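Reading through the C-alpha cells given below for one structure.
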Amino acid sequence: MPALPPEQLTAQTQGESSEAVRERVMAARERQMARGALNSQLSGKALEAACALNDEERAWLAGVLEKLKLSARAYHRVLRVALTLADLQGEPKPTQPHLIEAIGYRQLDRMLKGA
C-alpha cells in the first residue's frame, strides 16, 4: 500500500460504517458460495479456474513469484487473497491490482514472521 500524505492521515474523515462493511462481506460470501465453496475451501484447480487469469496476468505473476522466491503454497495463498479482494469489491475475478495487494499482504506477513 502506498504511504498516505500527512494531511490525509490527520484529516477527520468518516470511514465506512460497520453495516456497510457487513453488507460487503455478506455479498462476497454469497459470491463464494455461488462458486460452490468459500475461497478458503477451493482446491488448487478450482481456485485457478475461479481466478481465470489471462496469459499476461499469469506471466506477470510468474515473474513476481520467481523474483520473491514464493512457493506453490504461497502462490495459492496469494490467489485466495486476491480472489477475496475481488469478491469484496464485487468484481467477477481478480485483476492485477488485486494480485498486487495480495502479494503486498504476503510480503508483510513474511516480514512480520521473520521469514
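No lab work stands behind these numbers, since they all come straight from the coordinates. The structure presented is a predicted model; accordingly, all values stated were derived computationally and were not measured. Note: ideal-geometry Cβ built from the backbone for every residue, glycine included; neighbour counts use all protein chains shown.
Here are the numbers for this structure:
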{"read-out": "Helical mean residue ellipticity (222 nm; -39500 (n - 2.57) per DSSP H run of 4+; nearest 500) of the chain", "value": "-22000 deg cm²/dmol"}
{"read-out": "Taking region 1-89 and dividing mean pair separation by its residue count, relative contact order in percent (alpha carbons under 8 Å, at least six apart)", "value": "43 percent"}
{"read-out": "Listed peptides 3-15, 56-68 by packing density, highest first (mean Cβ within 10 Å)", "value": "56-68, 3-15"}
{"read-out": "Cα convex hull of the chain - mean projected area over all directions, nm²", "value": "8.8 nm²"}
{"read-out": "Positive-end residue of Gly44, Gln96, Pro2, charge dipole of region 1-102 with Cβ unit charges", "value": "Gly44"}
{"read-out": "Lysines whose Cα lies under 22 Å from that of Lys93, excluding same-chain neighbours fewer than 8 positions away", "value": "Lys45"}
